[in-house]
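The values are calculated or read from the model by the stated rules, or taken from the named source; none is laboratory data. Note that the structure is predicted; figures quoted are calculated from it, not measured. Cβ placement follows ideal geometry from the backbone for every residue including glycine, while neighbour counts extend to all protein chains displayed.
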Amino acid sequence: MSKLFSKAVTVLSLMLILVLTICSCAPITPPGTDEDCGEGYHTFIEFESDGNATCLSDGTKTATCEDCSKTMTVTDLGSALGHNYVGGKCTRCETPDPSYDGTEENPCSSGHSYTNGTCTVCGAKDPSASSQPTEGVHVGKGYIITANNKNGPLYFSGTVTGGRFDASTDKLFATTVYMEEADGGFRIYLIKSSARNYIVMDDSSTGGNITTTRSEATVFKWNSSIKTLVVVAEANNRAFGIGASSTYSNFSPYDSSNKDYNWGRFVEVSSTAPDVPAAPEVPDTPEDIPSGSAIVINGQTIPYYNGSADYVIVNGNKPFFTSGELKTTAWWSYSPLDSLGRTTGAFACVCRATMPNDDRDSISHLKPTGWKQASYSGVVTDLYNRSHLLAHAFMSDDVHMENLITGTAHMNQKTMQIFETQVLNAVKSGDYIMYRVTPVYEGNNLVCTGVLMEAYSTNDGGDSIEFCVFVYNVQPGVVIDYRTGSSKLGDPTKIHASNTGTSVVIGKKSQ
């Protein structure tokens, strides 16, 4: 009898331990192993409601493994909402109230009691409520963006490489982003050089690219079902968001049909956004005035465009390269965007090794500063090109915002191409060419007045190719407002008031 009692006590003890384990607040750790999880098993801690409970049925809640991207969805016990009968029917599901006798007065006849945009008594929506959601992100607060890949959590760093945002595995290097309310949603911005830099995302059906700019911004809207900010593509009605794939260590846009994708989560880290103004609005209507000032490059005055030549020779056609800059191996570098988001220059030693082996990737999603496309019948079909500083013909690594400017079709397809063809022919012949292209802006203009192009063949002391020219960013028959990129038909030799002159230093004289 004592043995039987002992066994009973043992069984009861084991059952008690099991119950305590299940009821404890410890993470849920399913048994077994999983090769995709860095820890060999999944650990689910923070379950969030999926917001799908109904009046009579419990909804679900979901958690993401702390060590990988796997998710677990369980029933959210007790989350059923219950009926809210008002005036004979439920305000949520319209189920008739079985006890309604038709004599009940409107409980809100004397006024609604709105909380977070909804009446707490009858469920009516507040018509004056802000478009800002009651959940998710909010204007005036700071957030970091995080998502998991197969190796664990990634954090949004704010730097762009090849149409993707770089990610860090260290939370200390996460970049804080902020919200600006717009068109029923939000513009997302980060702060660089004391200015707002807005996130621009291409929502093409293949995923597209993502970058930042001062001049434009994508409007995101909060999606309560996946709990993140998304853009809905008009072409296929799919939701695009910022997140990470399971394979790659960066942030990029993918649509909701991509299964190898983890939505980015916006985690609040600051209750106050810095007081940084948005980019100022600039009038769009130019006024033509005669030329008054000039561009000066390393002390040499460059006259404004007068219609007689599309480019001028600078420094006796001798580039400003220093001896320490000359190379005979493949090399290239893009200067960072400035505080206005403008492209500032590209420098390379181009040769056969830098030439592309395949077709150029699409650049249609990239919009340099001042990009205000226009078409003038009988004059030019598309006024602007996304003009490369380092041409794709001899540079494979060319799809970067830092390599593109808003250039006229005339400058890009006619004038710049004269010198790019010289460089390409020399590269095909086996030469090594030091090549630098520098946009020249006047004041805070978003469109450059022109570009300085320099080239020198280092393998033969400049015998194959050597030039230094300033190419005008003009279009015959069109007047450009270089402040904003706006344009109109007119005589381009009439210089806009925004062309106030500038002095720039290139190469050796900058040291």
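Modelled with pLDDT of 80 or more and within 40 Å of the chain's Cα centre (by Cα), is that true of I144?
Numbers: modelled with pLDDT of 80 or more: yes; within 40 Å of the chain's Cα centre (by Cα): yes.
Answer is yes for this residue.
Of all residues in the stretch 169-215, which are closer than 18 Å to E402 by Cα, modelled with pLDDT of 80 or more and basic (K, R)?
Once the filter is applied, which keeps residues that are closer than 18 Å to E402 by Cα, modelled with pLDDT of 80 or more and basic (K, R), the stretch 169-215 yields only R196.
What about T91, is it under 38 Å from the mean Cα position of the chain (by Cα) and at pLDDT 75 or above?
no
Look through the stretch 324-346, keep the residues that are aliphatic (A, V, I, L, M) and under 24 Å from T484 (Cα atoms), and return whichever of them is modelled with the highest pLDDT.
If we take residues in the stretch 324-346 being aliphatic (A, V, I, L, M) and under 24 Å from T484 (Cα atoms), then A346 is modelled with the highest pLDDT.
Can you tell me which condition W222 does not meet? The list is (1) at pLDDT below 80; (2) crowded, with 16+ Cβ neighbours inside 10 Å, and all the others hold.
With respect to (1) at pLDDT below 80; (2) crowded, with 16+ Cβ neighbours inside 10 Å, W222 is out only on (1).
Return the residues of the stretch 363-384 that are in contact (Cβ under 8 Å) with a residue 24 or more places away in the chain and under 21 Å from the mean Cα position of the chain (by Cα); say none if nothing qualifies.
Result: I363, S364, H365, L366, K367, P368, T369, G370, W371, K372.
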